[in-house]
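Undergrad: Following this message is one structure expressed as structure tokens.
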Amino acid sequence: MPLVSPDGCEVFVSKPMPEGPLGELTSRFRVAVGHPERPTTADELALACRSARAVVAMLTDRIDAAFLGRATNLKIVSNFAVGVNNIDLEACRARGLWVTNTPDVLTDATADLTMALLLACARRLPQTEAELRANRWQGWAPLHGWALPYGKLAIIGLGRIGKAVAKRAQAFGIEVRHSSPDAKSGDAMGVQGMPLDELLAWADVVSVHCPLTAETQHLLDRTRLATMRPGAILLNTSRGPVVDEEAVAEALESGRLGAVGLDVFEREPVVHPRLLAAPNALLLPHVGSATEQARTAMASLAAGAVVDVLEGRGPKHPVVKPG
């Protein structure tokens, strides 16, 4: 479906979303919807929102001061994501806008995918499947991967998703520790907090779940990757720029890292070519929350926030409030 004409729309939805929640909007407001097969460009976004009172933004949409200067009627930016690193929150606050996100409903889906990456990397599934598909399998042999109950998992960022991953890992008999701003956030579930550099040296598997901020940009850089155990596994299902992809590629090639499982990348949809060429890199196209149930629930929250604000109520999950 091509970009719907934005002239006079009250609500712009940057990308098509599940019909039920979208219907909640179209039954109440004049709605324009972005292209289904590619991200909305900055010019398309600004054009579509020049008269809109609400925008349902995707994580690929940059909501900054330049955009807000062209979208002067906006009342709410409803982000179809938990992370809000695509939004200039201070610029929205200065404009007196609501900013909302979609927490909780994608926690289990993303935690499940993280465990899938962990299992696949630990058991070397990408490599062994590649052997089979290339007709190089000669029958049963005593090859091996990593036995989960003997592993140590480090979680960077013990928020909703980090805790859900910890719970799943503990069920597998994996010892879990974490590094978070609140070192005691894991005490209730028996997950000890540690300084990051100590945690990296301790772990067999490191899983990233912190938000992308100025402080976490390239949090795992060349220096920190060098402190990890030789052969360790790195997982990232948070935001790509938390990890230095060039340094990760080097660590894979040198053997410092045994494997990586990445669902997010620094310059999406571009993936570093050395990662694409690495047989011990399991790469997914940002599908952490990509289940029908999670995406429908996210759409319901995003649409509900727009309905609430435009009908004069406060939304359920504000990130920024007017005033």
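Undergrad: Could you please find all residues in region 284-323 being open to solvent by 50 Å² or more (accessible area, probe 1.4 Å) and in contact with a helix residue (DSSP H, G or I) (Cβ under 6 Å, 6 or more places away or on another chain)?
TA: THR291, SER300
Undergrad: Restricting to region 151-174, give me the number of residues that are in contact with a strand residue (DSSP E or B) (Cβ under 8 Å, 6 or more places away or on another chain) and either aromatic (Phe, Trp, Tyr) or more than 23 Å from ALA226 (Cβ to Cβ) (or both). If you could, list the steps in order and put the result at the bottom.
TA: Quick first cut of region 151-174, residues in contact with a strand residue (DSSP E or B) (Cβ under 8 Å, 6 or more places away or on another chain) only: 151-158, 162, 165-166, 169-170, 174.
If we keep only those that are either aromatic (Phe, Trp, Tyr) or more than 23 Å from ALA226 (Cβ to Cβ) (or both) too, we end up with 158, 162, 165-166, 169-170, 174.
Matching residues across region 151-174 total 7.
Undergrad: Need the failing condition index for GLY145 against (1) part of a loop (DSSP other than H, G, I, E, B); (2) modelled with pLDDT of 95 or more; (3) in contact with a Lys or Arg (Cβ under 8 Å, 6 or more places away or on another chain); (4) not aromatic (Phe, Trp, Tyr), just the number.
TA: Failing condition for GLY145: (2).
Undergrad: Can you tell me which residue is nearest to the chain's Cα centre (by Cα) among those in region 52-76 that are touching a residue at least 60 places away in the same chain (Cβ under 8 Å) and open to solvent by less than 10 Å² (accessible area, probe 1.4 Å)? Can you show your working first?
TA: Going through region 52-76, the residues touching a residue at least 60 places away in the same chain (Cβ under 8 Å) turn out to be 53-54, 56, 60, 75-76.
Checking the rest, the ones that are also open to solvent by less than 10 Å² (accessible area, probe 1.4 Å) come to 54, 56, 76.
On the way: ALA54: 23, VAL56: 17, ILE76: 22 Å.
Among residues in region 52-76 that are touching a residue at least 60 places away in the same chain (Cβ under 8 Å) and open to solvent by less than 10 Å² (accessible area, probe 1.4 Å), the one nearest to the chain's Cα centre (by Cα) is VAL56.
Undergrad: Considering region 12-49 alone, what residues qualify as being closer than 19 Å to ALA297 by Cα and either among the small types (Gly, Ala, Ser) or in contact with a Phe, Trp or Tyr (Cβ under 9 Å, 6 or more places away or on another chain) (or both)?
TA: VAL13, SER14, LYS15, MET17, GLY20, GLY23, SER27, VAL33
Undergrad: Here is a further query. Considering only residues that are without any contact (Cβ under 8 Å) to a residue 12 or more places away in the chain and either more than 24 Å from PHE172 (Cα to Cα) or surrounded by 18 or more Cβ atoms within 10 Å (Cβ to Cβ) (or both), which ones fall in region 187-238?
TA: Correct list: ALA214, GLU215, THR223.
Undergrad: Looking at VAL176, is it of a type in the set (A, V, I, L, M, F, W, C), open to solvent by less than 60 Å² (accessible area, probe 1.4 Å), outside any helix (DSSP H, G or I) and closer than 14 Å to ARG256 by Cβ? Explain how you work it out, then say what you get.
TA: Working: of a type in the set (A, V, I, L, M, F, W, C): yes; open to solvent by less than 60 Å² (accessible area, probe 1.4 Å): yes; outside any helix (DSSP H, G or I): yes; closer than 14 Å to ARG256 by Cβ: no.
Judged against the criteria, VAL176 is not a match.
Undergrad: Are any of the residues in region 3-11 of a type in the set (A, V, I, L, M), over 30 Å from VAL242 (Cα atoms), open to solvent by 30 Å² or more (accessible area, probe 1.4 Å) and within 26 Å of the chain's Cα centre (by Cα)? First the steps, then the outcome.
TA: Of the residues in region 3-11, the ones of a type in the set (A, V, I, L, M) are 3-4, 11.
Next cut, over 30 Å from VAL242 (Cα atoms) only: 3-4, 11.
Subset that is open to solvent by 30 Å² or more (accessible area, probe 1.4 Å): 3-4.
Keeping just the survivors that are within 26 Å of the chain's Cα centre (by Cα) gives 3.
Scanning region 3-11 turns up at least one residue that is of a type in the set (A, V, I, L, M), over 30 Å from VAL242 (Cα atoms), open to solvent by 30 Å² or more (accessible area, probe 1.4 Å) and within 26 Å of the chain's Cα centre (by Cα).
Undergrad: If you don't mind, another one. Which of the residues spanning region 88-125 are open to solvent by 10 Å² or more (accessible area, probe 1.4 Å), farther than 21 Å from ILE174 by Cβ and part of a helix (DSSP H, G or I)?
TA: LEU89, GLU90, ALA91, ARG93, ALA94, ARG95
Undergrad: Now, a different point. HIS35 versus (1) surrounded by fewer than 21 Cβ atoms within 10 Å (Cβ to Cβ); (2) closer than 19 Å to VAL306 by Cα: which is the lone unmet condition?
TA: Status for HIS35: all satisfied but (2).
Undergrad: Would it be correct to say that THR128 is assigned to a helix (DSSP H, G or I) and of a type in the set (Ser, Thr, Tyr)? Lay out the reasoning, then the answer.
TA: Values: assigned to a helix (DSSP H, G or I): yes; of a type in the set (Ser, Thr, Tyr): yes.
When the stated conditions are applied, THR128 passes them.
Undergrad: Let me ask something else about it. I need the full set of residues from region 29-60 which are assigned to a loop (DSSP other than H, G, I, E, B), over 22 Å from GLU268 (Cβ atoms) and either among the hydroxyl-bearing types (Ser, Thr, Tyr) or out of contact with any Asp or Glu (no Cβ under 8 Å at 6 or more places or on another chain) (or both), in order please.
TA: Within region 29-60, the first condition is being assigned to a loop (DSSP other than H, G, I, E, B), and the residues that meet it are 29-30, 34-41, 49-53, 58-60.
Restricting the remaining residues to those that are over 22 Å from GLU268 (Cβ atoms) gives 29-30, 49-53.
The answer is CYS49, ARG50, SER51.
The values are calculated or read from the model by the stated rules, or taken from the named source; none is laboratory data. What you see is a predicted model, and the numbers here were worked out from it, not measured in a lab. As a convention, Cβ positions derive from the backbone with ideal geometry for all residues, glycine included, and neighbour counts pool all protein chains shown. All accessible areas refer to the heavy atoms of the entire protein, side chains included, with ligands and DNA or RNA removed. Shrake-Rupley method; radii C 1.70, N 1.55, O 1.52, S 1.80 Å.
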